[in-house]
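Peer 1: Before I ask anything, here is the structure I am working with.
The values are calculated or read from the model by the stated rules, or taken from the named source; none is laboratory data. The shown structure was predicted, so the numbers you read here are calculated from the model rather than taken from an experiment. Reconstructed Cβ throughout: ideal geometry from the backbone, glycine too, with neighbour counts over all protein chains shown.
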Amino acid sequence: MTINKYKIIFYILTFLMMSCSFANVHEKRDIAIQIDELKIDYSEKRIIALSLSAIEMLDIMGIKPVGISLTGSQSLPYYLASKMKNVEIVGSVANPSLERIQSLKPDLIIIDRIYEEQKEIVNKLNKIAPVLNIRSEDYKSTLNVLKKIGQVFKKDKETTHFINKFNKSIYEVKQNSTNKKRTILAIYITNNKIWAWTDKSFLASLLQEINVDYAFKEKSNSPYKDLTELNFEKILEIDPDKILVFEDPAKDIIPFLEKNSIWKNLKSVKNKNISVVNRDIWSRSRGPLAAEVIVKTMENDTK
């Protein structure tokens, strides 16, 4: 089937102009392309995925991208690593190589977020191939995007199977959960600052769905509604039953936390209820396969 490339670009750019704004950092975080009217056959086309979420969705559909980007960890989650072994790396998520991308002659480039560094790059990417942003703010929107993109790629069977299986796992966890909810807080460290996801985050939306009580319920003090900066005093005030610490491979941030005298006074530390988890899976991805891992891992915390 011959596809009019200029028609494709027209559709994608129309959605970009309707959905995207680079006026400020907050808007960059909140953009989300609507693909409800995107009626284009992309089956068996050359796709470049510049986000973990996009890679995961393609994997569910059984589609191997011709190029992918890596996060700051410079690695892929275990469930993707072997499958993407021979796929071209086109750089980092925040700073992909335009030369490598162009050399792969893609029909579509998929992203799920726009970093400050990408402000100018997105316009350049659009000159190479149509750009589709599939960013999700919560786990339900991730499943909705997966369903729609399955239709675009004519992979409805595969995506519907995954969604049904995932929803079944959510139902089973909720059925087996108790009325006693444990409070959980998720944090990570960057530049010696502590950051936590709020109850408006992707992770919190997933945890709350399986009857886990996410601990931070206040308004964010940052420009982002899903992310807030915390100090040790605030963590002690919240004093959650469990703390999830996001780390990249080969990095150990627990010693940094232990240097502060408040850390040892936390209930979760006293009860040895600190879990160190992969930052790509639990924080950066927002993808369906990552969500599946999170639900399975957190099942015991609902009982």
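Peer 1: Quick check on D213: is it free of Cβ contacts under 8 Å to residues at least 24 places away in the same chain, among the charged types (D, E, K, R) and closer than 19 Å to D301 by Cβ? Spell out the reasoning first.
Peer 2: Numbers: free of Cβ contacts under 8 Å to residues at least 24 places away in the same chain: no; among the charged types (D, E, K, R): yes; closer than 19 Å to D301 by Cβ: yes.
Criteria not met by D213.
Peer 1: Now for a different question. Has segment 46-58 got at least one residue that is surrounded by fewer than 17 Cβ atoms within 10 Å (Cβ to Cβ), among the aliphatic types (A, V, I, L, M), out of contact with any Gly (no Cβ under 7 Å at 6 or more places or on another chain) and modelled with pLDDT of 90 or more?
Peer 2: Going residue by residue through segment 46-58, those that are surrounded by fewer than 17 Cβ atoms within 10 Å (Cβ to Cβ) are 46.
Next cut, among the aliphatic types (A, V, I, L, M) only: none.
Within segment 46-58 (the criterion being surrounded by fewer than 17 Cβ atoms within 10 Å (Cβ to Cβ), among the aliphatic types (A, V, I, L, M), out of contact with any Gly (no Cβ under 7 Å at 6 or more places or on another chain) and modelled with pLDDT of 90 or more), the answer is no, since none of the residues qualifies.
Peer 1: Take segment 66-77 and flag every residue that is surrounded by fewer than 19 Cβ atoms within 10 Å (Cβ to Cβ) and at pLDDT 95 or above.
Peer 2: V66, the sole residue that qualifies.
Peer 1: Given the conditions (1) buried (at least 17 other Cβ atoms within 10 Å of the Cβ); (2) more than 21 Å from V293 (Cβ to Cβ); (3) in contact (Cβ under 8 Å) with a residue 40 or more places away in the chain; (4) not acidic (D, E), which single one is not true for F256?
Peer 2: Going through (1) buried (at least 17 other Cβ atoms within 10 Å of the Cβ); (2) more than 21 Å from V293 (Cβ to Cβ); (3) in contact (Cβ under 8 Å) with a residue 40 or more places away in the chain; (4) not acidic (D, E) one by one, F256 breaks only (1).
Peer 1: Name every residue in segment 157-191 that is modelled with pLDDT of 95 or more and of a type in the set (D, E, K, R), in order of residue number.
Peer 2: Those that are modelled with pLDDT of 95 or more and of a type in the set (D, E, K, R): K157, E158, K165, K168.
Peer 1: Return yes or no: is D156 over 20 Å from the mean Cα position of the chain (by Cα) and buried (at least 16 other Cβ atoms within 10 Å of the Cβ)? Give the derivation first.
Peer 2: On the way: over 20 Å from the mean Cα position of the chain (by Cα): yes; buried (at least 16 other Cβ atoms within 10 Å of the Cβ): no.
The answer is no for D156.
Peer 1: Please list, ordered by residue number, the helices (runs of 4 or more DSSP H) wholly in segment 73-189 having 3 or more residues that are in contact with a helix residue (DSSP H, G or I) (Cβ under 9 Å, 6 or more places away or on another chain) and either outside the structural domain of I55 (by TED's automatic domain parsing) or under 30 Å from A215 (Cα atoms) (or both).
Peer 2: Passing ranges, in order: 139-152, 156-175.
Peer 1: If S268 meets every condition in (1) farther than 21 Å from N211 by Cβ; (2) in contact (Cβ under 8 Å) with a residue 12 or more places away in the chain; (3) surrounded by 14 or more Cβ atoms within 10 Å (Cβ to Cβ) apart from one, which number is that one?
Peer 2: Answer for S268: the failing condition is (1).
Peer 1: Right, another one. Scan segment 83-106 and give yes if some residue there is free of Cβ contacts under 8 Å to residues at least 24 places away in the same chain, within 19 Å of I281 (Cα to Cα) and crowded, with 21+ Cβ neighbours inside 10 Å, otherwise no.
Peer 2: no
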